[in-house]
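Here the structure comes first, spelled out in structure tokens, and everything after it is commentary.
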Amino acid sequence: MTKICSNQYAMNSPHAQKLSDDQSQKLYWACLEILEHTGVRMYEQEALDLLKKAGAVVTDGNRVRIPSGLVEKAFSTVPKSVTLCDRNGNPAIRAGGYRSYFGTGSDCLHILDHRTGEYRDSVLQDIVEGITLCDALEHIDFAMCMFLPSDVQQDIADRYQMEAMLNNTTKPVIFVTTEFSGAVDAVKMAEIVAGGERELKQNPFTACYINVTTGLRHNKEALQKLLYLSDKGIPLTYIPSAQGGVTAPVTVAATMAVNNAGVLAGLVLSQLKREGAPYIFPGWGGNMLDMKTTVQPYCDPEKRAQAIDFAHYLGMPSFSLAGCSESKLVDQQAAAEAALSLFTDALFGGNLVHDVGYLESGLCGSLPQLVICDEILSWLEAFMKGVDVSDESLALDIIDEVGPDGQHINSDHTLKNYKKRWYPQLFERASYNVWQRKGSKDLGQRATEHVDTILAEHKVEPLPKDVANAVHAIVEKPTA
Amino acid sequence: MADFQNIIDTLIEGDQEKLLSLAQSALDEGISAKEILEKGLMAGMDIVGEKMEAEDMFIPEVLMCARAMTAVINNLLKPLLAAGDVSAAGKVIIGTVKGDLHDIGKNLVAMMLESAGFEVYNLGADILPDKYVEEIKDKNADILCMSALLTTTMPMMKVTIDAVSEAGLRDQVKVMIGGAPVSQDFAEQIGADGYASDAGSAIRLAKEIMKR
Ligand code: B12
């Protein structure tokens, strides 16, 4: 029998948009006007030289006005999708379009110790355990270091972080360093693991997260990293962080315009340094300072989604943030904020979504919170699937066969298909009595036990001994 | 009997025009500038400070109150006050330490100290120890405030304190430190005189430190 049916259209997933394309265009024009008219300060000579040579106007020593044409030109050479490999060089993440991948954040000062419940300074072993957990969790796609190790020499703490990530997961890793030299060493380590400079460039399994003071002020380290990594062809994010009400006007649109003008300036520089250098846009926009508490909220609803829309409009991959909370505990607020933020980023199609498991506005982390986020992501993966309304899934023949009076529980159709439905691992569905029999545990307790089980059972594929030694040698002899 | 309560309430509302006219009528009634300052304006700002710490007021509102108060002092009271009546609560040098560019919190603390009556010299971010030393000397400062948001730059606080000691200025200035990774323990470890976790308590600490 022929099965032809014209004009079929299937929604493959739910989808949302907050900025219309017209609004994105207006925002883009605003950024171009800022770059041409107001200009940005750049505290790095090579950046100034490159821009000047390309036709930008430099006044007052380091104030650069960038013509729109340079921005348009940069869009014609920058890749629209960034592939990150795993540690073994196999493609693992294709960041672009509406594909979402999730990972942890970096550099929390504190940990809520899941064994003792204590709130304390984090140490190197916390990073080892956190990254091991990332390696094991199905819905965590990339790792950032999560914690600051308070028990190592502080000025080279970032080298220890990179080493711990390389040793404890095969998933892609994204690094953050304070100084430029730290980024140089992180790349050296990654090159050793990849088997050389060319190998890493061809199959990058790592990317660098760079923060910039504001869209209008580009600090030296950020520019140094941008130029160095662009030259190397290693993917990077370039994220100015003006705060509405303090270092930018308080409206979401203005803060986004200021920051994204800076993102475009970085884009131009990256492509001037090397055409085709991979470059990732920020996926949140419109940071604010909470004017009561003076905290910069990570899970602020108003800074979500529009930057993802803007990146989509420009056809660029985005690096966004979700699964984070202002709560000081793994409590109801933490779960609600994590779920809401993960939900929005999945729905809007942020590409590399980081900060999963953050508490206390980026100052504290918790392993059980990460495990809870993994469960939320599992739920979301099931939710985001489209509905199959096909002849087969409608199963009209079986409906007819069983009729109004029959049972489906023991039918072949059920047997064949029931496992395709979603089952929770941590969310409790059992009856009250059964839940009681299992110890009357709440989600936090179950997540804590799950952390212990994973840490006891999961074996990370180790780096070859000589490679691990060569990586460690960099920690012992860091670039000054 | 002057209506100080009205002045206090108006200050808390941040209504500069009304505050100016109330202060003018009080002066016309023969109330001294000193009394208006102390029983009206200062009393009002104390309440503003408390409200801020109780999360009862937003930072921009606090700054508006401070602006209203300054307008009254500069436009009406200053010529009438005896020298000494309106002396600053203290002279403060403030900056973010070398290597650190986080300045949002530091700037907030600077503004809040200013609105509490301190004379504040805000040096900016990424400040070398020698620069602090130079400014302390130059401005004859009472308090040195340092901010650090990175664990990697916290040690610069100790380096700066050592530089201040070496320059023979440690007895002249009290040292206050703050920033997300900084703690009371750390302050004690490096020999600072105080630590505060937010702008509200920073003001309280600065006032208290001036009395030591
Ligand atoms: C905004 C921000 C930035 C902005 C800063 C913009 C600016 N102009 O300041 C930008 C984007 C530039 C930035 C850059 C970086 N950042 Co940053 N940043 C933050 C963030 C999100 C918020 C800080 C903030 O402004 N808070 C709001 C203000 C009002 O609060 P506050 O600073 O704490 O100040 C209050 C109190 O602490 C106190 N206080 C502050 N100073 C003082 C001083 C005195 C004397 C007293 C008494 C009190 C006091 O009162 C203030 C008001 O209540 C924090 C996370 C966090 N939750 O703190 C990370 C954070 C501090 N950054 C971090 C990192 C890693 C970086 C980078 C290294 C990233 C990179 N590689 O690009 C760079 C470093 C650049 C450099 N050399 O300094 C880490 C720190 C890790 C560490 N090693 O300690 C944090 C903790 C985030 C994280 N978990 O990863 N960052």
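The values are calculated or read from the model by the stated rules, or taken from the named source; none is laboratory data. Treat the numbers as computed from the prediction; the structure is a model and nothing was measured. Cβ atoms come from the backbone with ideal geometry, glycine included; neighbour counts cover every protein chain shown.
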Flag if residue B:134 is acidic (Asp, Glu), more than 10 Å from the ligand (Cβ to nearest atom), more than 14 Å from every other protein chain (Cβ to nearest Cβ) and under 18 Å from the mean Cα position of the chain (by Cα): no
Would you mind stating whether residue B:59 is within 16 Å of the ligand (Cβ to nearest atom), under 26 Å from residue A:246 (Cα atoms) and touching a residue at least 24 places away in the same chain (Cβ under 8 Å)? yes
With the structure loaded, tell me whether residue A:102 is surrounded by 18 or more Cβ atoms within 10 Å (Cβ to Cβ), in contact with a Ser or Thr (Cβ under 7 Å, 6 or more places away or on another chain) and of a type in the set (Phe, Trp, Tyr) or whether it fails that test. no
Taking the range A:93-148 as the search range and keeping residues that are within 14 Å of chain B (Cβ to nearest Cβ) and among the polar types (S, T, N, Q), which one is farthest from residue B:149 (Cα to Cα)? A:122
Subset of the range B:126-161, residues in contact with a Gly (Cβ under 7 Å, 6 or more places away or on another chain) and either not hydroxyl-bearing (Ser, Thr, Tyr) or not assigned by TED's automatic domain parsing to the domain that holds residue B:185 (or both), comes to B:126, B:127, B:142, B:143, B:146, B:148, B:149, B:156, B:161
Being hydrophobic (A, V, I, L, M, F, W, C), under 30 Å from residue A:178 (Cα atoms) and not in a strand (DSSP E or B) is true for just one of B:125, B:110. Which residue is that? B:110
Checking the structure you have, find out if any residue of the range A:233-246 is touching a Cys at 6+ places or on another chain (Cβ under 6 Å) and either of a type outside the set (A, V, I, L, M) or within 16 Å of the ligand (Cβ to nearest atom) (or both). yes
Pull up the range A:294-328, narrow it to residues that are within 14 Å of the ligand (Cβ to nearest atom) and part of a strand (DSSP E or B), then point me to the one that is nearest to the other protein chains (Cβ to nearest Cβ). A:321
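Output the residues belonging to the range B:137-151 that are more than 14 Å from chain A (Cβ to nearest Cβ) and buried (at least 23 other Cβ atoms within 10 Å of the Cβ). Steps first, please.
Of all residues in the range B:137-151, those more than 14 Å from chain A (Cβ to nearest Cβ) come to B:137-146.
Once the filter is applied, which keeps residues that are more than 14 Å from chain A (Cβ to nearest Cβ) and buried (at least 23 other Cβ atoms within 10 Å of the Cβ), the range B:137-151 yields B:141, B:143, B:144, B:145, B:146.
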Number of positions in the range A:240-257 that are more than 14 Å from chain B (Cβ to nearest Cβ) and under 22 Å from the mean Cα position of the chain (by Cα): 3
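So, in the range A:94-119, of the ones that are hydrophobic (A, V, I, L, M, F, W, C) and within 16 Å of the ligand (Cβ to nearest atom), which residue ends up nearest to residue A:310 (Cα to Cα)?
First, pick out the residues of the range A:94-119 that are hydrophobic (A, V, I, L, M, F, W, C): A:95, A:102, A:108-109, A:111-112.
Narrowing the set further to residues that are within 16 Å of the ligand (Cβ to nearest atom) leaves A:108-109, A:111-112.
Details: A:108: 29, A:109: 32, A:111: 34, A:112: 36 Å.
In this case the residue turns out to be A:108.
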Residues that are within 14 Å of the ligand (Cβ to nearest atom), of a type in the set (D, E, K, R), part of a helix (DSSP H, G or I) and away from chain A (no Cβ under 14 Å): does the range B:183-206 have at least one? yes
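With B:81, B:22 as the choices, which residue is crowded, with 16+ Cβ neighbours inside 10 Å and touching a residue at least 40 places away in the same chain (Cβ under 8 Å)?
On the way: B:22 fails: touching a residue at least 40 places away in the same chain (Cβ under 8 Å).
The conditions single out B:81.
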Looking at residue B:105 and the list (1) touching a helix residue (DSSP H, G or I) at 6+ places or on another chain (Cβ under 8 Å); (2) in a loop (DSSP other than H, G, I, E, B); (3) within 14 Å of chain A (Cβ to nearest Cβ); (4) closer than 27 Å to residue B:42 by Cα, which single condition is not satisfied? (2)
Taking the options B:77, B:149, B:123, name whichever one is at pLDDT 95 or above and more than 10 Å from the ligand (Cβ to nearest atom). B:123
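Can you work out which of the residues in the range A:265-293 that are among the polar types (S, T, N, Q) and within 14 Å of chain B (Cβ to nearest Cβ) is nearest to residue A:17 (Cα to Cα)?
Taking the range A:265-293 first, the residues among the polar types (S, T, N, Q) are A:270-271, A:287, A:293.
Checking the rest, the ones that are also within 14 Å of chain B (Cβ to nearest Cβ) come to A:287, A:293.
Details: A:287: 19, A:293: 31 Å.
Among them, the one singled out is A:287.
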Does residue A:260 count as of a type in the set (S, T, N, Q), within 22 Å of the chain's Cα centre (by Cα) and away from chain B (no Cβ under 14 Å)? yes
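Can you confirm whether residue B:94 is within 14 Å of chain A (Cβ to nearest Cβ) and within 26 Å of residue B:14 (Cβ to Cβ)?
No.
Within the range A:81-136, how many residues are at positive phi and touching a Leu at 6+ places or on another chain (Cβ under 8 Å)?
From the range A:81-136, those at positive phi are A:89, A:96-97, A:107, A:117; that's our starting set.
Now drop any that are not touching a Leu at 6+ places or on another chain (Cβ under 8 Å), which leaves A:107.
Number of matching residues: 1.
Does residue A:396 count as in contact (Cβ under 8 Å) with a residue 60 or more places away in the chain and either out of contact with any helix residue (DSSP H, G or I) (no Cβ under 9 Å at 6 or more places or on another chain) or under 30 Å from residue A:356 (Cα atoms) (or both)? Let's see the steps before the verdict.
Working: in contact (Cβ under 8 Å) with a residue 60 or more places away in the chain: no; either out of contact with any helix residue (DSSP H, G or I) (no Cβ under 9 Å at 6 or more places or on another chain) or under 30 Å from residue A:356 (Cα atoms) (or both): yes.
For residue A:396, the condition - in contact (Cβ under 8 Å) with a residue 60 or more places away in the chain and either out of contact with any helix residue (DSSP H, G or I) (no Cβ under 9 Å at 6 or more places or on another chain) or under 30 Å from residue A:356 (Cα atoms) (or both) - is not met.
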Any idea which residue in the range A:188-224 is farthest from the ligand (Cβ to nearest atom), counting only those that are closer than 30 Å to residue B:102 by Cβ and assigned to a loop (DSSP other than H, G, I, E, B)? A:204
Looking at the range B:44-58 only, could you name the residues that are at pLDDT 90 or above and within 10 Å of another protein chain (Cβ to nearest Cβ)? B:56, B:57, B:58
Looking for something part of a strand (DSSP E or B), within 27 Å of residue A:313 (Cα to Cα) and not assigned by TED's automatic domain parsing to the domain that holds residue A:194 - is there at least one such residue anywhere in the range A:59-74? yes
Which one of these does residue B:74 not meet: (1) in a helix (DSSP H, G or I); (2) surrounded by fewer than 21 Cβ atoms within 10 Å (Cβ to Cβ); (3) in contact with a helix residue (DSSP H, G or I) (Cβ under 7 Å, 6 or more places away or on another chain)? (3)
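Scan the range A:373-387 and give yes if some residue there is farther than 30 Å from residue A:174 by Cα and either of a type in the set (A, V, I, L, M, F, W, C) or without any contact (Cβ under 8 Å) to a residue 12 or more places away in the chain (or both), otherwise no.
In the first step, residues of the range A:373-387 are kept if they are farther than 30 Å from residue A:174 by Cα; the result is A:386-387.
Checking the rest, the ones that are also either of a type in the set (A, V, I, L, M, F, W, C) or without any contact (Cβ under 8 Å) to a residue 12 or more places away in the chain (or both) come to A:387.
Checked the range A:373-387: at least one residue is farther than 30 Å from residue A:174 by Cα and either of a type in the set (A, V, I, L, M, F, W, C) or without any contact (Cβ under 8 Å) to a residue 12 or more places away in the chain (or both).
Residues of the range B:152-166 being assigned to a helix (DSSP H, G or I) and within 14 Å of chain A (Cβ to nearest Cβ), which ones?
Kept after step one, since they are assigned to a helix (DSSP H, G or I), are these residues of the range B:152-166: B:155-166.
B:155, B:156, B:157, B:158, B:159 - these are the residues of the range B:152-166 that are assigned to a helix (DSSP H, G or I) and within 14 Å of chain A (Cβ to nearest Cβ).
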